Structure formats: C-alpha cells, structure tokens
Amino acid sequence: MLHQGLAGLLRIGLIARFLRPYRRRIARGVATLVAVNLLGVLIPLLVRQAIDSLQPGFVVYDLMRQSLVLIVLATVMGGIRLVSRILVFGVGRQVEFNLRQQLFEHLLRQEPAWLHEMRSGEVISRSTYDVENVRRLLGFALLSLANTALVYGLQLPAMLSISGSLTLATVSVYPLMLAMVRLFSDRIMRQQRQLQERQAALSDLIQEDLNGISAIKIYCQEARENAAFARLNKAYRNAALALARTRSTLFPLLQGISSVSLLVLLALGARQLEAPGAAGSGLTVGGFVALVLYTERLVFPTALLGFTLNSFQTGQVSLERIEELLAREPRIADPATPQERPRRCSGRIEARNFTYRYPNAVRPALSGVSFSIEPGELVAIVGPVGCGKSTLSRALGRSIDIGPGQLFIDRQDITQLRLDDLRSRLALVPQDSFLFTASLADNLRYGVPAAERAAVVAASHAARLSSDVEGFPDGLDTLVGERGITLSGGQRQRTALGRALMMEAPLLVLDDALASVDNATASRILRTITDQGQRTVLFISHQLSAAAICDRVLVLEDGRLVQSGHHDDLIQQPGTYRRLWERQQVEAHLQQPSWA
C-alpha cells in the first residue's frame, strides 16, 4: 500500500513538472471551467423560477424575457466552454510538441553503442505512441477530471438546497461507481503497459526485417520471419483483447450505474411533487425539473469517468516510460571544464599506453598501445581480424567511452575536449558507411550543408566517384535511396569518403573505408588525399598493397602494437606483417583466372 502511494505521488510529481511551464494558461483554462460550471448551476435555477411562475394569470412577456435570458446564458456558456477546451487542449498539444523535440534531442546526445543496443522499435514507440498518450493525459484527461470535480463541487450544494433527501438518494449509487473504478484501475494500468510493450516489440521486428530484407530472401527465411511476426502479432492481439475486455466490462457498468441515479430521482421525485395549490409545502414542479437537469449534468461526466480514468492511467504509464528514456544520461559527454581549442589544429595523434576493454569482454580489445603520428603523415594500421583496429578509430571519435590520459590530438587529451571541438578536428569514415535518403550531392555535403556545388564536384573527384556520377541518370542530383540502396558497396564507401573530405578536417581516419574498392583504386585515392594538402591520414585496413604506399605502418595483434615501420622494412622482418603480406600475396595469386 505504501509503495502504491509513493508511486502515485511520483506520477503526480511528473505531471506537475510537465505542466509547470504552462501554469498561466492552465489557470485561465480552469477559470473558464469555473465560469462554465457556475452558469451550469445558475441556468437550472432560472428554469425552476420560470416554471414555478407559470401560475394562472402569468404574463407572457415575463416568460419570453426569462426564455431570452436562458438562451443568452446557454450561448455564453457554450462559448466559454469552447474557450476552455482550446486553452486546456492547447496545453496538451504544446506539451506533445515540446516532448517530441526533447526526446529527439536527448536521443541525439546518446552514444552510438547504447543506441545500437536499445531496440529501435522500443524507442520509436516511446517517441510516438507514448507521447500521444501523454498529450491525452495532459489535455483531455485533466480537463475532464477538473470538470467532473467542479460539476460535483458546485452542483451538489444547489441540489441539496432544493431537496436534501432526493439529492442524497440520487447520488447514493455513485460510491458504487467509484468502487468499480478502483477495482479495475490497477488491472487497466498493468494491461496497458503490457500492450505498449507488445507494440514496441512488433514495431522493432518490422523495422529490423525491412532493413534486412535482402538477407531474409538470400537465405530463404521468409517463412521463419513470418512465423516470428505471427507470434508477436498474436501476443499483441491477446494483450489488446484483454484490455478491451476489461474496458468493455467497466465502461457499461459505469454508464448503467450513472443512469440509475436518474431513475431513482424520477421514481422518488414524482411522489414528492406538491399538490396543486399547496405552494411551499414540498417539492415544486420547477424544483423537480431543476433536479432532473442537475442530475443529467452529473450523468455525463460520471459516465465518462471510466474513459477519463483510463486515459489518465494510460498517460501515466506512458509518462513513466518517457521519463525512463529521458533519465538516461549519456556516458560520453562534454567534460565539466573543457580545454579550449587551439587556433590552429595540425592533426597530431598520440597514444600513451592506451588500453580499452569492452563491457563484459573477457580480455581487452587494446592493451598498452603507444605511438605518435606527426602532422601530415599517412600511416596505415593493419593486423589480423579482431586485433583492435576499429576500436582505435571509435576511440578517436569518442564513439566509445575511454579513460583520460591515453589518447591525444594536438597534445590535448581528447577526453578533456568538447565533443564538437574534437569531432570537428577529424573526419571518420567507417567501413559500413551510412547514406541518407537524399541526393548524392546532399550526402556529400552533409557535414558542410552550405557547401557550393563546385566543392561537391571536387570532393566527388577526389573520392574517385566522378566516373560513376556521369553514369547516373541525374548526376549528383540522383537520389541514392534508403541507406544508399541504389549504389554499390564501393560507391557507398567512396560517397562517404567524399563527404569526409569536404569537411577539410586536419585528421582523416579511414576505418576499412576502402574495403569495397580494389587495391589500385585505393592507392590512387590515398595519393590524391595526400596531394591535397597538409592532412594527417590514419588508414586502418587489411589492404596491405595500399598500405605499402604509406609513410609508416603500425601492426596490431591481439590488441597490442607488435611492429612499426615502413612497408619495405617490415616485409624483410619475421613477424606478423610479413606473415599477413605473404598470405595476401598467395590469395591474390589464387584469385587470378587460369588464363591470365
């Protein structure tokens, strides 16, 4: 019980925090609701007065005047009600807009590793479906609850003043209604959360299968994926039906109980009506009609209470799910007191006993790696699969969280730099290059959106993409499709390379970024890059033929730096590099056709 109470207070606190910026608008909305309900109390009293004045010899003019007053008040009441809805619903829409924006900005701040681990369907569900539920909570649900409280708070005294016994008899069934709501509320919240989780799992599978549709078809796994979707779809259907059954049980019960109150009033009130001519001795016809009007005004918000509370509870569940997402702080963030960026960045790199272990890994990916690369050098980093090459590139871009005092750019510890300052100094091209659903030109200028057309053309030429562009139907304006699906692997990599070259960063990191092009093309690209100017290039690759033109080669094995030197020197020394070189030469020979 205590736990539930604390949870309830927490939810109220969350709601209050989201509504705090709009307190003035909410206050105006509540004021209009009060005005609406005051008129709702006044109009039945005027109706009672008009009906009770219908005695022999009444003046028609007075009746017309009273009718006109009632029409005007009802019109004003409708106008104020409209204003109250605009004010309160507008708050819900504004919260929805701000919350979506806040969620998106928050997700952009997270490190890539967490976003890759987090199910994308879950994130999308919380950013869309849950935000929509919060809008209903902070709009419709709060408006309805406030209106119900005002209806009861203002109308009950007026009803008691007309007939205390009839009023008590009329509302005597309402505690049963509240008990029903209390009985079903926990079940509805539990089923609502389960439904949202099932929907997130379904969305996640759809997105994953659409992204991997080629693999599904290559391995003929359509039936398997269809069966997996059917299982999740069935789980979602069962969760939706369970929630629907609960709602279908609760809402008719609430509506039936609320309607009983009107029947009680009609049954008991008809017996208490005054006999003609016995004015003041009991319930008048006008008073009875006023009670009927008041009861009808109570029936609707009371009958709506079930739907209102359901929206309220659904919104609370969604609010908690969104809060869980917003509470997650990125592990990689700007330092509390960042170092200032120097006026001139040369691109010097230094590693000092760099060690990194991935979470839950048995051994470090890199252990005690030390080296320095001077500005303008072209240095290759090679080694067997799993030796830690890509870990180094991720660390330089701070895609992974590393300790201080290990990696330096321009003699500054990268963990003490603002992330924007660090990432503006280097252009990183991964092997799996992501392209956006846009034109080839827009993908090339993504890092420099205001770049001129001439710069885009120059970047495509430097990346050896020009000849491919000439064959495209619209040249640089050709749409590349989702994730660059219309391009080949080599074209995607060279497009990503051109995008990095446009940034003109002093440090260029190529993480197996030329794996989909042949060695000769890779060598020409590297020469073009080095001929463009003073730029440090870190060429992480398994293409030893291309690495042969580099100023130096750093060789990693089992996470350690085991060799360093020029290609010509390393192939003369026994060790990892010569072993890799000889293996690659044998593979190249075997791949040649027999007639060559």
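The values are calculated or read from the model by the stated rules, or taken from the named source; none is laboratory data. All values reported here derive from a predicted model rather than from experimental measurement. Reconstructed Cβ throughout: ideal geometry from the backbone, glycine too, with neighbour counts over all protein chains shown. The protein model used for the area step is the full one, side chains on, heavy atoms only, and it has no ligands, DNA or RNA in it. Shrake-Rupley method; radii C 1.70, N 1.55, O 1.52, S 1.80 Å.
Summary table below
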{"read-out": "Any chance residue 353 is closer than 30 Å to residue 417 by Cβ, open to solvent by 70 Å² or more (accessible area, probe 1.4 Å) and touching a Ser or Thr at 6+ places or on another chain (Cβ under 6 Å)", "value": "yes"}
{"read-out": "Selection within segment 106-124 - part of a helix (DSSP H, G or I) and either open to solvent by less than 100 Å² (accessible area, probe 1.4 Å) or touching a His at 6+ places or on another chain (Cβ under 6 Å) (or both)", "value": "106, 107, 112, 113, 114, 115, 120, 121, 122, 123, 124"}
{"read-out": "Matching entry among 420, 410, 401 (being surrounded by fewer than 19 Cβ atoms within 10 Å (Cβ to Cβ) and more than 24 Å from residue 363 (Cβ to Cβ))", "value": "420"}
{"read-out": "Residue 242 vs. criteria within 24 Å of residue 117 (Cβ to Cβ) and open to solvent by less than 50 Å² (accessible area, probe 1.4 Å)", "value": "no"}
{"read-out": "Test set (1) under 52 Å from the mean Cα position of the chain (by Cα); (2) within 23 Å of residue 159 (Cβ to Cβ) - residue 47 fails condition number", "value": "(1)"}
{"read-out": "Filter result for residue 510 (surrounded by 23 or more Cβ atoms within 10 Å (Cβ to Cβ), of a type outside the set (Asp, Glu), in contact (Cβ under 8 Å) with a residue 12 or more places away in the chain and within 20 Å of residue 438 (Cβ to Cβ))", "value": "no"}
{"read-out": "Residue in segment 113-123 that is touching a residue at least 60 places away in the same chain (Cβ under 8 Å) and farther than 30 Å from residue 485 by Cβ present", "value": "no"}
{"read-out": "Filtered residues of segment 115-141 (kept if of a type outside the set (Phe, Trp, Tyr) and in contact with a Gly (Cβ under 8 Å, 6 or more places away or on another chain))", "value": "133, 134, 135, 136, 137, 138, 139, 141"}
{"read-out": "Candidates 351, 361 - the one that is in contact with a strand residue (DSSP E or B) (Cβ under 7 Å, 6 or more places away or on another chain) and not hydroxyl-bearing (Ser, Thr, Tyr)", "value": "351"}
{"read-out": "Selection count where residues are open to solvent by less than 40 Å² (accessible area, probe 1.4 Å), among the small types (Gly, Ala, Ser) and more than 17 Å from residue 244 (Cβ to Cβ), scope segment 172-203", "value": "2"}
{"read-out": "Pairs with Cβ under 9 Å, 6+ apart, first in segment 459-470 and closer than 15 Å to residue 514 by Cα and touching a residue at least 60 places away in the same chain (Cβ under 8 Å), second surrounded by fewer than 18 Cβ atoms within 10 Å (Cβ to Cβ) and not polar (S, T, N, Q)", "value": "464/524"}
{"read-out": "Condition met for residue 388 (modelled with pLDDT under 90, open to solvent by less than 30 Å² (accessible area, probe 1.4 Å) and touching a helix residue (DSSP H, G or I) at 6+ places or on another chain (Cβ under 7 Å))", "value": "no"}
{"read-out": "Boolean, residue 224 is within 21 Å of residue 309 (Cβ to Cβ) and either out of contact with any Gly (no Cβ under 7 Å at 6 or more places or on another chain) or open to solvent by 70 Å² or more (accessible area, probe 1.4 Å) (or both)", "value": "no"}
{"read-out": "Matching strands (runs of 3 or more DSSP E) fully within segment 481-559 where at least 3 residues are in contact with a Cys (Cβ under 9 Å, 6 or more places away or on another chain)", "value": "552-557"}
{"read-out": "Members of segment 415-455 found to be over 30 Å from residue 405 (Cα atoms), among the acidic types (Asp, Glu) and not in a helix (DSSP H, G or I), listed by number", "value": "452"}
{"read-out": "Checklist (1) in contact with a Gly (Cβ under 6 Å, 6 or more places away or on another chain); (2) free of Cβ contacts under 8 Å to residues at least 24 places away in the same chain; (3) not aliphatic (A, V, I, L, M) applied to residue 367, failing item", "value": "(2)"}
{"read-out": "Qualifying residues in segment 23-38 (those that are open to solvent by 70 Å² or more (accessible area, probe 1.4 Å) and within 14 Å of residue 81 (Cα to Cα)) - the one farthest from the chain's Cα centre (by Cα)", "value": "38"}
{"read-out": "Failed criterion for residue 330 (all others in (1) over 29 Å from the mean Cα position of the chain (by Cα); (2) at pLDDT below 85 hold)", "value": "(1)"}
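Condition check ((1) open to solvent by 30 Å² or more (accessible area, probe 1.4 Å); (2) farther than 30 Å from residue 329 by Cα; (3) modelled with pLDDT under 80) across all residues:
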| position | (1), (2), (3) |
| --- | --- |
| 60 | yes, yes, yes |
| 75 | yes, yes, no |
| 79 | yes, yes, no |
| 99 | no, no, no |
